[in-house]
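Written out below as structure tokens is the structure these notes cover.
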């Protein structure tokens, strides 16, 4: 079990953004579709750099059941990702963001830079997705609080360390992030926690985080899990990213069973089907007759 004293989440307030209750009210998790407009993302780098291809992919994911589109313009893969400036992120986003927003589902902006998030929110994005959990850019928490927008706080580390107990590290990280959020005035109803599968973790630690996900419910906040095509799958069955659909679905079903309320995936259609069928089967166990 996690050995830590968790700080309570910031108090809820009337400023809680309406998008999260709508997404989290169903018997199965919401699905976040990944749209990487980058040349170097680990799974689909370069595939959706062209604006027309990115827009077509967003439309396809929405048709397949995506509840959120998560747009990223800087790769955060653990190895070999090239940092980009805020200006370059905005240049990549500018031709596509407003068009995706116009499709009618909430859009999250996957960026660790507050200036990029602010620009994206001005363009209609609804959610900030910070892979450094408010701890890398000192202006991120203030921005999120001022805009009253939902924020995804993800656990991360600069490098993996096999000697640590990863659940304690995740809990301590979230405690720090929630302290930052509380001091900035971010309402608890606007916070989602993400254990950061594949980020600063060995494959074994990523699997531990999935296996013990329910321990993070001590924070009383919705959980997001993004295990899609991650490297830990290959540590079990050697495979390239595009060959990891089965492992991704297995991990996401485990996460949903443990309480994850949002699933982030590259493969929307298959993930939606798996989550809805699992929920339908479980409903029979609860309400069915012998």
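Taken together, the values in this text are just the output of simple stated rules run on the coordinates, not laboratory data. Just so you know, these numbers come straight off a predicted model, no measurement behind them.
Here are the numbers for the structure shown:
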quantity: Inter-centroid distance (Cα atoms) of segment 238-258 relative to segment 178-237, Å; calculated: 15 Å
quantity: Residue with peak Gaussian network fluctuation, the chain [Cα springs, cutoff 10 Å], from 85, 175, 202; calculated: 85
quantity: Mean ellipticity per residue at 222 nm, deg cm²/dmol - from DSSP H runs of n ≥ 4 across the chain, formula -39500 (n - 2.57); calculated: -12000 deg cm²/dmol
quantity: Cα pair distances of segment 90-130 binned at 5 Å [whole percent]; calculated: 6, 28, 38, 22, 6
quantity: Relative contact order (percent, whole number), segment 176-290, Cα cutoff 8 Å, 6+ residue spacing; calculated: 24 percent
quantity: Rounded to whole Å, sorted largest first: equivalent-ellipsoid semi-axes of segment 222-290, Cα gyration tensor; calculated: 25, 12, 11
quantity: Relative contact order %, segment 223-263, counting alpha carbon pairs below 8 Å whose residues are six or more apart; calculated: 54 percent
quantity: Measure of compaction for segment 40-159 (Cα Rg per 2.2 N^0.38 Å); calculated: 1.01
quantity: Relative contact order [Cα under 8 Å, 6+ residues apart], the chain, whole percent; calculated: 22 percent
quantity: Column: log10 I(q)/I(0), Debye, Cα scatterers of the chain, q = 0.06, 0.08, 0.14 Å⁻¹; calculated: -0.17, -0.31, -1.01
